[in-house]
Amino acid sequence: MRPEPARAGSRYNNPVETRPASLGSNAMKFCSHCGAPVELRVPDGDNLPRHICPACGTIHYQNPKVVVGCIPQWEDKILLCRRAIEPRYGLWTLPAGFMENDETTIEGAIRETLEEAGARIEVHDLHTLLNLPHVNQVYVMFRGRLLDLDFKAGDESLEVALYEEQDIPWDEIAFPVIEQTLRLYYADRRAGKFSIHTGDIVKHPEGERRYELRLLNRR
């Protein structure tokens, strides 16, 4: 739980740490509470720079986003969606998206599957919890069972289709985290036991799309 917004002059009067808000993908220029320009400082009692409004004292925290989704199963097949939006337009993925306020991770996975694939599911167990520090995201993916075959592409999908393992379009999977989730799923299925996998997807310094899966619960 975050502390209440600080009042001007109370928590962050540290001129050494004060500088204009930096430019970048998460840069913030103006306070969403009062509209005044913000500065990037390390608040007292903190160890990271935060966007702070010197006018009203609000400290704006930026934290990783939670992505929730599902591996929808029907017999020996799983349901994939072909993306109709950027990034990775036209490539295949599992139904997943950002978690909304006032919902649980399971509710989010059910909602995203319905929105992207028009599919109704029964969620089984957690399958993967993977950190993506290079994009400040955490993926929470469940296993689920399709309740029927009445599915259709949603607004964010060009098409949806059921695939057996040998037919998965591996070269056309949109994101490394989805590829690794699928590979872990099929490895578990061949082993006859599903596990919960936790770990990190780490981007290599060289190469635009070179990533490494580092599991915490190696077997």
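The values are calculated or read from the model by the stated rules, or taken from the named source; none is laboratory data. Everything numeric here is computed off the predicted structure, so don't read it as measured data. Cβ sites come from the backbone with ideal geometry, for glycine too, and all protein chains shown count toward neighbours.
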Strands (runs of 3 or more DSSP E) lying entirely in segment 33-109 (those with 1 or more residues that are among the acidic types (Asp, Glu)): 39-41
Looking at (1) within 20 Å of LEU91 (Cβ to Cβ); (2) in contact with a strand residue (DSSP E or B) (Cβ under 6 Å, 6 or more places away or on another chain); (3) aliphatic (A, V, I, L, M); (4) crowded, with 17+ Cβ neighbours inside 10 Å, which one does LEU158 not meet, given that it meets all the others? (4)
Just for segment 193-219: of the residues that are loosely packed, with under 12 Cβ neighbours inside 10 Å and under 21 Å from TYR89 (Cβ atoms), which one is nearest to the chain's Cα centre (by Cα)? ARG209
Which one of ASP102, ASP200, ASP155, ASP167 is within 18 Å of PRO87 (Cα to Cα) and of a type outside the set (Ser, Thr, Tyr)? ASP155
With the condition kept exactly as written, say whether any residue in segment 116-134 is more than 20 Å from GLU75 (Cβ to Cβ), in a helix (DSSP H, G or I) and in contact (Cβ under 8 Å) with a residue 24 or more places away in the chain. yes
Answer yes or no: is there a residue in segment 90-102 that is out of contact with any Cys (no Cβ under 8 Å at 6 or more places or on another chain) and among the hydroxyl-bearing types (Ser, Thr, Tyr). no
Residue check, ARG2 against (1) modelled with pLDDT of 90 or more; (2) within 29 Å of the chain's Cα centre (by Cα), all met but one. Which one? (1)
Log entry, pairs with first residue in segment 85-102 being closer than 21 Å to LEU114 by Cβ, second being of a type in the set (Ser, Thr, Tyr), beta carbons closer than 6 Å, six or more apart or on different chains, reads PRO95/THR113
Any idea which residue in segment 108-155 is nearest to LEU182 (Cα to Cα), counting only those that are touching a Pro at 6+ places or on another chain (Cβ under 7 Å) and surrounded by 22 or more Cβ atoms within 10 Å (Cβ to Cβ)? GLY144
Those residues that are outside any helix (DSSP H, G or I) and surrounded by fewer than 16 Cβ atoms within 10 Å (Cβ to Cβ), I need them from segment 162-192; list them, please. TYR163, GLU164, PRO169, GLY192
Hey, could you check segment 120-135 for residues that are out of contact with any Cys (no Cβ under 9 Å at 6 or more places or on another chain) and of a type in the set (A, V, I, L, M, F, W, C) and say which is modelled with the lowest pLDDT? VAL135
